[in-house]
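Novice: Dumping the structure here so I can ask a few things about it.
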Amino acid sequence: MDAILVIAEAQDGQAPIAESTLKTLAVARKIGAGPVDLAWFGAGLDRLPEPAGTLNGIRKHWVFDDPRLVHPPASLVSRLIGSRAREYSHLLMPGTSFGRDLLPRLAGLLGAPLVSDVLEVLGPRRFKRGIYAGNIHTVVRVPDGVPVLLTVRLASWRPIVVEEGPAPAPVEKIAVPGTIPVDARFVGLEVDQSARPDLQSARRVVSGGRSLGSRENFALLEKLADRLNAAIGASRAAVDAGYAPNDLQVGQTGKIIAPELYLAFGISGAIQHLTGIRDAGTIVAVNKDPEAPIFKVADLGLVGDLFAVIPDLLAELDRQGIGR
Ligand SMILES: Cc1cc2nc3c(=O)[nH]c(=O)nc-3n(C[C@H](O)[C@H](O)[C@H](O)COP(=O)(O)OP(=O)(O)OC[C@H]3O[C@@H](n4cnc5c(N)ncnc54)[C@H](O)[C@@H]3O)c2cc1C
């Protein structure tokens with residue numbers, strides 16, 4: 001019988017269920033090939049992240065809860081999950097760094113095909129995915145009779161609407177063996193302590209390019225972002241020039257994002273940058289060159305000097321009492 005296993009993003013039970021997991025459940029629903037189970041890896045999972053326990057449409061939760069799994073290495077998780085994985089026709093993970101690390105290993109262990117970066121589900125065994133950094137979409141068909149592993153392109157999916165089921169799904173705790181072979185171990189985590197929204201999940205993003213000219217000038221964008229409760233983004237040229245940190249880069253070799261509103265200041269609109277904002281809602285571009293390629297994808301474009309436009313925008317926000 002067909003059944004789907006969604007491997008949740010690693011987390012503890014304190015935080016609410018990760019949005020990436022909710023988006024992956026949306027893909028599972030769209031596939032609709034049988035019951036959906038959820039697998040959890042982490043530490044402190046006595047209580048599942050809210051509201052996972054009561055989520056509608058889940059048949060069962062498997063929980064691997066162990067202090068050694070606070071930051072679970074993919075090489076370990078793939079071994080833990082390996083034998084059980086064969087019970088499923090579909091195994092899904094968010095296309096996060098954890099998912100992109102784990103699923104190829106699992107595909108190798110199972111000898112099963114992996115479809116990465118799923119943009120659309122066209123049938124239980126037909127998927128649309130991006131190639132060439134998302135610039136070309138291709139349709140992949142997986143033959144019957146083999147399990148298929150899928151990573152989900154998060155920017156292309158909305159999270160499921162959280163609804164309570166008629167009864168909590170059963171939880172099966174799975175013991176983690178005393179000695180686990182590991183060829184990779186967690187060393188440390190550096191987290192940006194910014195109070196701004198996270199770039200990858202922000203509803204609004206204010207982004208700047210090389211034209212900002214210095215790290216100090218980038219602070220102008222920060223002022224605007226704070227007023228709009230937006231995350232900050234940057235082009236690769238701005239990152240390479242040292243105006244913005246590397247983790248703010250948007251695009252093919254940076255983050256792929258899907259905010260409702262993307263404000264691009266002094267960004268030319270190179271194809272590698274546009275790859276990162278393909279799924280954005282409204283794109284607003286300010287550029288002093290009327291021929292800049294960003295205007296081809298912008299919903300609203302303003303030909304002007306960002307050093308004049310941003311102060312004007314801030315003054316208008318002041319006048320309207322927005323974000324003060
Ligand atoms: C393999 C590869 C991967 C890449 N990955 C990425 C990626 O992930 N993300 C990414 O962004 N790029 C990426 N790039 C680089 C990309 O090709 C561009 O070089 C880069 O996006 C350009 O950044 P920019 O728009 O800030 O700079 P520029 O191309 O120099 O554009 C600056 C723009 O600012 C405008 N401008 C100048 N002054 C002002 C002003 N005062 N007011 C308003 N407008 C002004 C100019 O008219 C111009 O349009 C990649 C390239 C390669 C080869």
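A short reminder: the numbers here are calculations on the coordinates, not readings from a lab. Because the structure is a prediction, the values reported are computed rather than measured. FYI the Cβ positions are ideal-geometry reconstructions off the backbone, even for glycines, and counts take in every protein chain you see.
Novice: Let's see if you can work this out: charge +1 on each Lys and Arg Cβ, -1 on each Asp and Glu Cβ, no other charges. What is the dipole magnitude of the chain about its Cα centre, in debye to the nearest 20? Show your work: numbers first, answer last.
Specialist: Numbers: 35 positive and 35 negative charges, 159 e Å.
Value, rounded to 20: 760 debye.
Novice: Distance check, please: which entries in K23/K223; K128/K288; K223/K255; K23/K60 exceed 29 angstrom between their Cα atoms? Display every interim value, and only then the final one.
Specialist: Details: K23/K223 31 Å; K128/K288 37 Å; K223/K255 22 Å; K23/K60 18 Å.
The pairs that break the limit, which is 29 Å between Cα atoms, are K23/K223; K128/K288.
Novice: Also: Could you work out how far helix 306-319 tilts from the main Cα principal axis of the chain, as a 0 to 90 degree angle to the nearest 10?
Specialist: Tilt relative to the chain: about 80 degrees.
Novice: For the Cα atoms of the chain, what angle does the longest principal axis make with the long axis of helix 215-228, in degrees from 0 to 90, nearest 10?
Specialist: On a 0 to 90 degree scale, this one is about 70.
Novice: In terms of the Cα gyration tensor, with a ≥ b ≥ c the square roots of its eigenvalues, is the stretch 204-319 rounded because a/c is under 1.5, prolate because a/b exceeds b/c, or oblate?
Specialist: Details: a/c = 1.31, a/b = 1.17, b/c = 1.12.
Cα axes put the stretch 204-319 in the rounded bin.
Novice: Assuming a ≥ b ≥ c are the square roots of the Cα gyration tensor eigenvalues, decide whether the stretch 4-173 counts as rounded (a/c under 1.5), prolate (otherwise, with a/b larger than b/c) or oblate. Before the final figure, lay out each step's value.
Specialist: Numbers: a/c = 1.57, a/b = 1.35, b/c = 1.16.
Prolate, because a/c is 1.5 or more and a/b exceeds b/c.
Novice: Hey, what number do you get for the chain at 222 nm if only DSSP H runs of n ≥ 4 count, each worth -39500 (n - 2.57), divided across all residues, to the nearest 500? Mind dumping the intermediate values first?
Specialist: Working: 8 runs with 80 residues, N = 324.
It lands at -7000 deg cm²/dmol.
Novice: Using θ = phi - 60° and the Karplus form 6.51 cos²θ - 1.76 cosθ + 1.60, what ³J(HN,Hα) does each residue of the stretch 19-30 get, whole Hz, x for Gly and Pro?
Specialist: Each residue's phi maps through the Karplus curve to give 4, 4, 5, 5, 5, 5, 5, 5, 5, 4, 4, 5 Hz.
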